[in-house]
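The values are calculated or read from the model by the stated rules, or taken from the named source; none is laboratory data. Here the structure is a predicted model, which means the values were calculated and not measured. Backbone-built Cβ (ideal geometry, glycine too); neighbour counts: all protein chains shown.
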Amino acid sequence: MAHRILIIDDDLSFKKIVEMRLKAILPDAGVTHFASLTDVRTHLRTPESQDFDLIVIDQHLPDGRGTELLAEGWFRDKAILSVSSDDAPEIPGGAVQAGATFFLSKRSVGEPLFKPLILGILDRNRLAKELERAKLNQAIIDTVKTLVGTLRHEINNPLGAVLGAAYLLSTAQGSTPEQKEAAELVESSGKRIKHVLEQLCKAVELDSVSKANQRVFHIPGDKEWEAKK
């Protein structure tokens, strides 16, 4: 997959150098360049705006500072390399605080460590996204578990009453054959429903616990069901 890189810098000489260095590291890279914050904002507001893999942004631009753009949240969860030729000590910390992944002096772009730095930034961003996806998937699983456990709990209460009534009707001396047949059908269907619910709970790996000497399934978040096995 081709990497998409955005360079925001009004220094065209530096833009050419950093683009050449990046393409030497990422031969498949496609580069988009803007020289001002205004031009970048205009592009980002259009439907044609790309989802960039790496943003290289200067801290001193004709119409403002790079930290201003970063603080606006346009590149949240992106790999961002903040650069500057300014040696002021507050520049690196301000850039990272605004959202940059790393700060680098422009003089260091030509050094050998530039390649592992770029690859490290991209890899770190990839791992962070995978972690977020894993967290989201786990949250979905937890929600499904809660819903399945709640469904079983809510169905079991009335189902138990129905099965009890069906049993009494099927064993009562005054019941007609038709009533007994209907009761047996209700009991058979009810047991099938219970079996399906238990299999569903096992499928989503709900933990079984003991409650009133009965084996039930734990509903995540329901403290009253927190019991030792």
Condition check: in a helix (DSSP H, G or I) and in contact with an Asp or Glu (Cβ under 7 Å, 6 or more places away or on another chain). Does residue 127 satisfy that?
no
Scan 104, 131, 151, 136 and give me the residue that is on the phi < 0 side of the Ramachandran plot and at pLDDT 85 or above.
104
Condition test on residue 168, is it loosely packed, with under 12 Cβ neighbours inside 10 Å, part of a helix (DSSP H, G or I) and more than 42 Å from the chain's Cα centre (by Cα)?
yes
Output for Cβ contacts, cut-off 7 Å, separation at least six or different chains, first residue under 23 Å from residue 129 (Cα atoms) and modelled with pLDDT of 95 or more in segment 49-73, second among the polar types (S, T, N, Q) and not in a loop (DSSP other than H, G, I, E, B), reads 57/82
Given the conditions (1) touching a residue at least 40 places away in the same chain (Cβ under 8 Å); (2) under 30 Å from residue 27 (Cβ atoms); (3) in contact with a helix residue (DSSP H, G or I) (Cβ under 6 Å, 6 or more places away or on another chain), and given that residue 110 satisfies all but one, which numbered condition is not satisfied?
(3)
Which of (1) modelled with pLDDT under 80; (2) exposed (fewer than 10 other Cβ atoms within 10 Å of the Cβ); (3) assigned to a helix (DSSP H, G or I) does residue 178 not meet, given it meets every other one?
(1)
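Of the residues 129, 115, only one is of a type in the set (D, E, K, R) and touching a residue at least 60 places away in the same chain (Cβ under 8 Å); which?
115
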